[in-house]
Amino acid sequence: MAPPSSSINHISNPCVYGDFVSSYAERKSRFMKWLSKLFKSTGSNRGGGGGSTSGRHHPQFLGEESMVWPAPRRSLDDRSRADREKEELDQAIALSLAEDLKRPNGQRWRSNTDEDYAWALQDSQLNPSFPPYDPSHYYPRSYKVCGGCNCDIGYGNYLGCMGTYFHPNCFRCRSCGYPITEHEFSLSGKDPYHKSCFKELTHPKCEVCHQYIPTNGAGLIEYRCHPFWAQKYCPSHEHDHTSRCCSCERLESWNTRYYSLEDGRSLCLECMESAIMDTGDCQPLYHAIRDYYEGMNMKLDQQIPMLLVERQALNEAIVGEKNGYHHMPETRGLCLSEEQTVTSILRRPRIGGNRLVGMRTQPQKLTRKCEVTAILVLYGLPRLLTGAILAHELMHGWLRLKGYRNLNPEVEEGICQVLSYMWLESEVLPDYRNMPSTSSASTSSSSSKKGGKSEVEKKLGEFFMHQIAHDASPAYGEGFRIANAAVNKYGLRRTLEHIRLTGNFPL
């Protein structure tokens, strides 16, 4: 007979025998005797009937509460375990009924009580009273679910991280998707990464040399970043002769090549697309900006010569000019008021590899016929930047021709920057301020010849506007911001009239 089930059902109400209620001790004693007979019967059947009892094992009673059950011997019977246990139970019931018949009538048990006990014992073994096991709601302590595939891990190898378990093949990098097999890895929140992948995502790379930006002496990542283009680069590239575009200020990347102009400047590929290279190419743009002034009732009565020049010729002209305030470190335009001989660009250079060569120049004597002798602009700049410089210098000419004398640099340069900014707005944002656009003017750039602008050219225009708005110099920067505030508040015409009368901006 198999050992009893570990789950014991306790009966709280007394059992009724015949016509009286037996005590707990008496009922327990009778139950223990019944179990003893049951095991005697089992031992006699397994020991071969009337043979020796030396091989039998009887339960040992320790007091009245606890019992020690011996392990059952393996039976040589070929029948199933359920059949053997059923037969043994039937024999025990029969023995109990035979014993009951020997008692006096007043002390006899009801036969159905013995059957109830026997069948209750059998039901407790075959049909336990507790609910059946439900694996979907109950998990043993050793049960582990993979945090990657949400499947049972079982008894194989697994990894533990962040309070979660994983199959080794399910613990994968959030970036590349491959399993993480290294002993060290990186975490971002609850997402694991290979250290190399995490560095690729978070450690900034230099956009010039394309290497990870090194740490400084304090162990910190130090780099430079352009305020508009957000170009990140190592601080060392500011001093290792890396080329910088003279127009957009971006540094030359090691996987691209800038064009080199004959006066030593460099030009990136994007700025080169719309660059104006000689005086003839610039004439349509110049006349378009004059028309822009006329559209604002600021017509220039005099025909002011305009020349594109090299850097050296512009610097020489600045030295010969007695008056004027010039933007440092490099001036890109000049409104002359003195007679000079200037070398201008007669024919545009041709491209030879990454250099512009074969440019033809011509010296030209400029004589003074009015308050303005000529307007000089640096050659090789994109159309929008060239136009912004022309709009600025034409405002200098307009002020001189209209009798605005002895203005301080903040006022004169500030209002000239406002006209330059307004023209850029009309080109990049044609509907802003309802100003006329000069984009229909034919120039050397392919986008302008079609009457439109590429996204690259529009972005350049936004950068040139950003340069004007965030200039840090007192005259060009702060002067522009004060002048622009006055124009926005009072309008251009009233602001100019106030400047003519007082020499300052209206408050």
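The values are calculated or read from the model by the stated rules, or taken from the named source; none is laboratory data. Quick caveat, the model's predicted, so the values are computed rather than measured. Reconstructed Cβ throughout: ideal geometry from the backbone, glycine too, with neighbour counts over all protein chains shown. The accessibility values were calculated without ligands, DNA or RNA, using every heavy atom of the protein model including side chains. Shrake-Rupley method; radii C 1.70, N 1.55, O 1.52, S 1.80 Å.
At a glance:
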| quantity | calculated |
| --- | --- |
| Among (1) polar (S, T, N, Q); (2) in contact (Cβ under 8 Å) with a residue 24 or more places away in the chain; (3) over 26 Å from SER473 (Cβ atoms), the one test that GLN312 misses | (3) |
| Residue count for segment 193-224, restricted to those that are in a strand (DSSP E or B) and either exposed (fewer than 14 other Cβ atoms within 10 Å of the Cβ) or out of contact with any strand residue (DSSP E or B) (no Cβ under 7 Å at 6 or more places or on another chain) (or both) | 2 |
| In segment 400-419, the residues that are under 16 Å from LEU334 (Cα atoms), surrounded by fewer than 23 Cβ atoms within 10 Å (Cβ to Cβ) and touching a helix residue (DSSP H, G or I) at 6+ places or on another chain (Cβ under 6 Å) | PRO409 |
| Given (1) part of a strand (DSSP E or B); (2) of a type outside the set (A, V, I, L, M, F, W, C); (3) free of Cβ contacts under 8 Å to residues at least 24 places away in the same chain, number of the condition ARG405 does not satisfy | (1) |
| Any hit, segment 295-304, residues being assigned to a loop (DSSP other than H, G, I, E, B) and without any contact (Cβ under 8 Å) to a residue 12 or more places away in the chain | yes |
| Residue selected from segment 228-245 under the condition polar (S, T, N, Q) and assigned to a loop (DSSP other than H, G, I, E, B), by the criterion nearest to PHE463 (Cα to Cα) | GLN231 |
| Segment 476-507, subset buried (at least 16 other Cβ atoms within 10 Å of the Cβ) and of a type in the set (S, T, N, Q), residue farthest from the chain's Cα centre (by Cα) | THR495 |
| Enumeration of residues in segment 178-192 that are open to solvent by 40 Å² or more (accessible area, probe 1.4 Å) and under 21 Å from the mean Cα position of the chain (by Cα) | TYR178, PHE185, LEU187, SER188, GLY189, LYS190, ASP191 |
| Failed condition for TYR379, given (1) in contact (Cβ under 8 Å) with a residue 60 or more places away in the chain; (2) open to solvent by 40 Å² or more (accessible area, probe 1.4 Å); (3) hydroxyl-bearing (Ser, Thr, Tyr) | (2) |
| Count - residues of segment 368-383 that are outside any loop (DSSP other than H, G, I, E, B) and out of contact with any Ser or Thr (no Cβ under 7 Å at 6 or more places or on another chain) | 4 |
| Any pair with Cβ under 7 angstrom, 6 or more apart, that starts in segment 160-177 at a residue that is free of Cβ contacts under 8 Å to residues at least 40 places away in the same chain and loosely packed, with under 14 Cβ neighbours inside 10 Å and ends at one that is in a loop (DSSP other than H, G, I, E, B) and among the charged types (D, E, K, R) | MET162/LYS190 |
| Qualifying residues in segment 263-273 (those that are assigned to a loop (DSSP other than H, G, I, E, B) and open to solvent by less than 10 Å² (accessible area, probe 1.4 Å)) - the one farthest from GLU457 (Cα to Cα) | ARG265 |
| Matching residues, segment 234-262, being more than 33 Å from the chain's Cα centre (by Cα) and open to solvent by 40 Å² or more (accessible area, probe 1.4 Å) | HIS241, TYR259, GLU262 |
| Residues that are open to solvent by 40 Å² or more (accessible area, probe 1.4 Å) and either modelled with pLDDT of 95 or more or not in a loop (DSSP other than H, G, I, E, B) (or both), drawn from segment 443-465 | SER446, LYS449, GLU455, VAL456, LYS458, LYS459, GLU462 |
